[in-house]
Amino acid sequence: MSDNQQGAAAQPAPAAATGNNGKRKRMMLTLSAVIIVAAIGYGLYWGLYARYYESTDDAYVSGNVVQITPQVGGTVTGVNADDTQMVQAGQTLVQLDQADSRVALLQAEANLAQTVRQVRTLYVDNQALAATVAMREADLAKARADLQRREIAMPSGAVSREELGHAQDAVKTVEAALAVARSQLMSNHALTDKTTVATHPQVRQAADKLRAVYLDYARTSIPAPVAGYVAKRAVQVGQRVAPGTPLMAIVPLNQVWVDANFKEVQIAHMRVGQPVEMTADVYGSSVKFHGTVAGFSAGTGSAFSLLPAQNATGNWIKVVQRLPVRIALDPKELAKHPLRIGLSMQVEVDVHNTKGKALGNAPAMPTYQTDVFEKIGHQADAIVARIIEDNLGAHASADESSDKPAKAKLL
């Protein structure tokens, strides 16, 4: 009886195994269908959308960090800006002691004024020397007339030979004096020909020295070359600085860009001018930034690293390289949502249009420039012109114009 019971219990087992196999088959078919549908969906997604976009999260905000360094040495007497402060172009950031440069400037101004007055005397001497030549010519004419009269009276015995000899010596003496006067006039003309007081070489030399001294004086006030935010301030009041010492930096946040490091397999279809959409971690995905591809780096990050990789070894392993791609931002969006240097970005490049250039053209004019330092040269020119005008005198033009008739007498 026990055998019958065991046989009866064993009969449902094949039916249960058959049911499990059927369920497993349905699960496998369902999973296969899901995989096939997912593969088809991804294929459609890649073919219609994904293959036209390249993205990376290895992207960071970059910008210009303008170093503020002195052009002359000196002691710091004032620091007018600190970290995080906004400064305008031309605003004085650091003031150096002006005592020594001020004394040198006063000496240079006095030297220029003295030189102008000394050169003025050269033109005045032209008149005096020309008058001396005219006087010597008159003396010579008189001496020759006296000699001629004595030579006529000599045969009659009215004039002795001694008196005739004195007359001849007088002519020679006056001729020598005339030659000396003409030589002096020629020498003075050599110093004034084809020049005016303002363009005389001696005046120009003194003026250039004044300009150089004024530049040293003006450079004791260190201005901001561009507008931006102060960062990395290291200068302190009372510090003795030398030319080129880093004092602080200015970061113009309106001139930032994004450097996106794409893998080398991602840049095959990238071109300059392609549209880019970005998000910043600081603002989240709700704020979208738009820009364009501005250019590509001339080398990968590893090629420009401090210690470039040495691949000529036996244990070489290939590593996918990344190439920095510069992306220009929309100025309006940047003004509405400012970005700081170093912030992380997520970048997606639309590579639909591949008609652009693979390399950007260099700009015809400098991209970044400042005119803050130009006014220093204009100020120096204004000081030179004022000193020359103040020391020319009322009769300067008459003295210079008198050079022409003096030349005529000389010739």
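None of the figures in this text is laboratory data; all of them are computed from the coordinates on show. Quick caveat, the model's predicted, so the values are computed rather than measured. Note that we place each Cβ from the backbone using ideal geometry, even for glycine, and neighbour counts take in every protein chain shown.
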Item to check | Stokes-Einstein D in µm²/s, Kirkwood radius over Cα pairs - region 73-187 at 25 °C with 0.890 mPa s viscosity | outcome: 119 µm²/s
Item to check | Cα-projected label distance for Ser55 with Val103, points at 7 Å along beta-carbon direction, nm | outcome: 6.9 nm
Checklist entry - R0 = 51 Å: FRET efficiency of Arg26 with Ala328, Cβ-based, nearest 0.05? => result 0.35
Checklist outcome for this item: Given 64-74, 320-330, 136-146, the highest-first ranking by average Cβ count within 10 Å works out to 320-330, 64-74, 136-146
Checklist entry - When we measure straight from the Cα of Lys318, which lysines land under 29 angstrom away, once same-chain ones fewer than 8 places off are left out? => result Lys263, Lys357
Item to check | Cα-projected label distance for Thr354 with Ala212, points at 7 Å along beta-carbon direction, nm | outcome: 6.1 nm
Checklist entry - Rounded to the nearest 0.05, what FRET efficiency is calculated for Lys232 and Val37 with R0 set to 56 Å and r the Cβ-Cβ distance? => result 0.50
Checklist entry - According to a simple spin-label model (label point 7 Å from Cα along Cα-to-Cβ), what is the distance in nm between Val320 and Gln148? => result 11.3 nm
Checklist entry - Can you give the relative contact order of region 233-338 as a percent, counting alpha carbon pairs under 8 Å and 6+ residues apart? => result 34 percent
Next on the checklist: If Rh is defined by the Kirkwood formula over all Cα pairs and Rg also comes from Cα, what ratio Rg/Rh do you get for region 244-388?
Outcome noted: 1.13
Next on the checklist: Residues of region 227-261 with backbone nitrogen within less than 17 Å of a virtual label 7 Å along the Cα-to-Cβ line of Glu374, please, listed as ranges.
Outcome noted: 227
